[in-house]
Amino acid sequence: MATRMLSKLLPHGSIRRRAVKKLLGKKTLDEYGIWAENNRDNIPLYAQTPLATRPLVSVIVPAYNTPKKYLDPLVYSIVGQSYDNWELILVNGSPDAAARQRIDACKDIDSRIKVVGLKQNKGIADTTNEGIKEAQGDYIALADHDDVLDEHALYEVVHALQDNPEAGLVYTDEDKISENGARYFDPHFKPDWSPDLMTNVNYITHFVVIKKTIVDKVGALDSGKDGAQDYDFLLRVIDTGAKVVHVPKILYHWRAAERSTAQDFSSKPYITQNGKKSLEEHLARRHERAEVTVVPNRPGFYRVTYEPPKKVSIIIPPFANNAVLQEYAALLAERTHPDSMKVTFVTSDDVRLDLKKENMAIKRVTVKTYDKKFLNQALAVADETVVVMNQALLPETSDWLTQLSGLAELKRVGAVAPVVVNNEQVIEDAGLVQYGNGLRALFAAEQLGQSTYFGNTEWTRDVDALTGGCIVFKNSELQTFLKSSGRKSQRDLFTEFSLHQKQQGKQNVLWACVVLSNGGFWPSGVETGPSFNPSLFWRGKDIRTCTTEEQLLNYLISLRK
C-alpha cells in the first residue's frame, strides 16, 4: 500500500520524484519493488515448451538451525517447481534439537527430498560436500537454506542446457526478498559471462547449476576457504574450460534476513583474505601473471594488476586547436608514470614536449589532420601495445597506464578502456552494450560507485564494444583490421574494431579501476553513447554549451604543475 501511494504522489520520471531522490541521496523509491508488488501475482501461467531432455538436478542445501519461517518457503519453492525431475538434499548440521527434528521431517513432505544428518556441524564447505556425495543427479544446484527459488527456476535452467548441451555452468539473475517474504527488491540483472568481472567480484553467486562430471573433476569445496568457498569453487569450475551460460531472468530470491554480508566481511577479515587467495590461485592456473589486492572499504571487491609490457606507445591525434593539443600532451606526459616501461608519445610534428622522466620518448608524424594517413603513420612507428587518446582525458591515478596496458597484453583480450567521468564523477563513458537492435551506453549519467540494477558502476566488466575515447589494443591486430575493412573514415573506427575483436572471440574490457576525467568539456552521450568525429575535435559545436576553446585551454593550463 505504501509503495503504491508513493508511486501516485511521485510518478515515475517526474521532476518531483527526481528531486526527492536527490534530496535523499539514494534510490529509496524502489521502482522494482513497486513493480513486483503490483504485478508479480498477476503474471499469467508460464507457457512452457516441451523439453527434449530431462536430466536429474540435485539441489544441495546445507541447513544449520534453520528457522521454520525460512525453511518452509525454501522447501516448498522446490517442491512446487514446474520442472519435476529433481532431488533436494538437505544436509542437517544443526546442533539445536528442535531445528534438527524440523529439518529431518522435511523428507516426509516429498519422496524426492533426502536429509543427510551430520553428527556435528562441519562448516559450510564440508557440509555442502556431504550433500554432493549423496547426489544422484546429472547436475548439481547450490542454494542457501533461507532463500527461495522462483517456481520456474529449474525449468529455465534445463531449457538453457537443452539449447547449450556443452554448458558446464549455468547461472541466473537474482533479487532480494524481505525477511517476511512480502517485498521483492534490489534486483541484480547480471551480464552474460564476464571473466574479468569475475576477477573483480563474485557476481555469479546465485543461482548456479553445474554439471556433475565437472564437480567430480574439480573436487570438493575447500574448507580452508570458508567464507569464500563458493568463489573458490566457481573459479575452479571455470578453469576446467567449462562453457558458462547465463539465463537472464530473476529466478532466485535472496532473503535479507537477520544477517548482513557486509557485516560478515568486516567482522571476519579471513573471508576477504580467502577470496584473495582463491583469485590468486585462479590466475596462476590460467598462467596470467598478476598481483591481487583487496579494495579498501569494499568487502568482496578485488583489484588485479597484470604485468605490463616493456614498451607502450600513446598516440595523441591532432586536434583542431593546436594550442589545446600542445597543452594537453604536456599535461598527459606530466601525469603518466612509466614505472618499468618505456613510454613513447606519438603525435604531430609541431608538438613540443619537455620529457623529464626516464624511459619517455616522443615520435612525430608529419600529417597534421586526423585521417587514415595519420593513423597509418602513427601505427607504423608505435610499439605493439598502443593507447589512443581520442579525447582530452586526464588520469586520476598514477598507475593508469600500467593497469590498462598490462591487461591488453593478454591473448584473450581484444581491447581495453577506462571509465570516463566528468568533474562531478558522473559517468560519461563506460563502454557499450547490445540493447535491442543497437548499442547503448552502459551506466551513462550514473554516479561512479553507485549500486544499480546492473551491478556497481565501479566493477570491471567485459562489454560488447568500446567507444574509443581512450582505447588500448595490440598494434598488429588493428592494422590487420584496417587492411581487411578498407575503411577511409575514422568516425566510429574503434567501436567497429572492438566489435570485430569480440567476433573473433576476444574480450573488450571496461577496466573500471582506471578512471579518466574529461573535466566536463566533452559532450555527454547519455542516450546512445559518445560518437566521436575526430576531424571536428574541439571545434565550438563539439564543446558543451558556453564552453569555448579558450576556456578549455585555460582549464588545461591551470592543471599544469
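FYI, it's all coordinate maths here, none of it is from the lab. Just so it is clear, the model here is predicted, and its values are computed rather than measured. So basically every Cβ, Gly included, is an ideal-geometry build from the backbone, and we count neighbours across all protein chains shown.
Full extension of the chain between residue 453 and residue 239 yields a length gain of 74.2 nm, computed as 0.36 nm times the residue separation minus the alpha carbon distance. Quick check: pseudo-label points 7 Å beyond the Cα along Cα→Cβ at residue 54 and residue 280, how many nm apart are they? Each label point lies 7 Å from its Cα, and together they span 4.9 nm. Residues whose amide H comes within less than 5 Å of that of residue 363, counting only those at least five positions distant or on another chain, are 345, 346, 347 (H built at 1.01 Å from N in the peptide plane).
So which of 119/217; 249/506; 107/243 end up more than 31 Å apart, counting from Cα to Cα?
In this structure, 107/243 exceed 31 Å between Cα atoms.
Going down the table (373/483; 277/411; 310/363), which pairs top 20 Å between alpha carbons?
Beyond 20 Å between Cα atoms: 277/411.
The charge dipole of segment 150-307, taken about its Cα centre with unit charges on the Cβ atoms of Lys, Arg (+1), Asp and Glu (-1) only, comes to about 320 debye. Modelled spin-label separation between residue 476 and residue 108, with each label point placed 7 Å from Cα along the Cα-to-Cβ direction: 7.0 nm.
Potential lengthening of the chain between residue 289 and residue 368 amounts to 24.5 nm, from the contour at 0.36 nm per residue minus the alpha-carbon distance. For residue 470, the amide hydrogen comes within under 5 Å of the amide hydrogens of 390, counting only partners 5 or more places away or on other chains and with H modelled in the peptide plane. Packing, taken as the mean count of other beta carbons within 10 Å per residue, orders the peptides 90-97, 197-204, 177-184 from highest to lowest as 197-204, 90-97, 177-184.
Within segment 57-259, what percent of beta bridges assigned by DSSP are antiparallel, to the nearest 5?
Roughly 30 percent of the beta bridges in segment 57-259 run antiparallel, per DSSP.
Considering only Cα atoms, the convex hull volume of segment 57-259 works out to 115 Å³ per residue. Proximity of backbone amide H atoms, modeled 1.01 Å from N, is registered between residue 172 and 207, 247 at under 5 Å, excluding neighbours fewer than 5 places apart on the same chain.
Suppose R0 equals 45 Å. What FRET efficiency, 1/(1 + (r/R0)^6) with r the Cβ-Cβ distance, do residue 434 and residue 180 give to the nearest 0.05?
0.75
Could you calculate the FRET efficiency of residue 68 with residue 217 from 1/(1 + (r/R0)^6), where r is the beta carbon distance between them and R0 is 25 Å, rounded to 0.05?
The formula returns an efficiency of 0.10 here.
Note that segment 217-234 has calculated 3J(HN,Hα) couplings of 6, 7, x, 6, 4, 8, 5, x, 10, 3, x, 10, 5, 6, 4, 4, 5, 5 Hz, one per residue in order, obtained from phi through the Karplus relation 6.51 cos²θ - 1.76 cosθ + 1.60 (θ = phi - 60°); glycine and proline are x. Each residue, residue 97 and residue 164, gets one label point 7 Å from its Cα in the Cβ direction; the gap between the two is 4.9 nm.
One quarter of the surface of the convex hull around the alpha-carbon atoms of segment 114-164 equals 4.6 nm², the direction-averaged projected area.
Sequence-distant contacts, meaning Cα pairs under 8 Å at least 6 residues apart, place the relative contact order of segment 57-259 at 26 percent.
Could you tell me what a quarter of the Cα convex hull surface of segment 315-460 works out to, in nm² with one decimal place?
It is 10.4 nm².
Across segment 237-249, coupling constants 3J(HN,Hα) worked out from phi with the 6.51/-1.76/1.60 Karplus curve, θ = phi - 60°, read 4, 4, 6, 6, x, 4, 6, 9, 10, 10, 9, x, 9 Hz, and Gly and Pro carry x. The alpha-carbon of residue 68 sits under 18 angstrom from the alpha-carbons of these aspartates and glutamates, leaving out residues fewer than 8 places away in its chain: 96, 104, 108, 110, 144, 146, 147, 179, 258. For segment 402-504, applying the loop criterion from DSSP together with a ceiling of 10 other beta carbons within 10 Å to the trypsin sites (Lys or Arg not before Pro) yields 411, 488. Residue pairs exceeding 32 angstrom between C-alpha atoms, taken from 133/502; 225/474; 342/368: 133/502; 225/474.
Along segment 405-419 the Karplus relation, 6.51 cos²θ - 1.76 cosθ + 1.60 evaluated at θ = phi - 60°, assigns HN-Hα couplings of 6, x, 5, 5, 5, 5, 4, 6, 9, x, 7, 9, 9, x, 7 Hz to successive residues, with x for each Gly and Pro. How big is the gap, in Å, between the Cα center of segment 373-433 and the Cα center of segment 169-215? Comparing the Cα centres of segment 373-433 and segment 169-215, I get a distance of 30 Å.
Rg and Dmax over the alpha-carbon atoms of segment 183-265 stand at 13.9, 40 Å.
When only the Cβ of Lys, Arg, Asp and Glu is charged (+1, +1, -1, -1), the dipole of segment 146-190 relative to its Cα centre reaches about 80 debye. By the rule of a C-alpha distance below 15 Å, with chain neighbours fewer than 8 residues away ignored, the aspartates and glutamates paired with residue 190 are 173, 174, 175, 458, 462, 464. Treating each Cα of segment 292-399 as an identical point scatterer and summing with the Debye formula, the log10 of I(q)/I(0) at q = 0.20, 0.21 Å⁻¹ comes to -1.04, -1.12.
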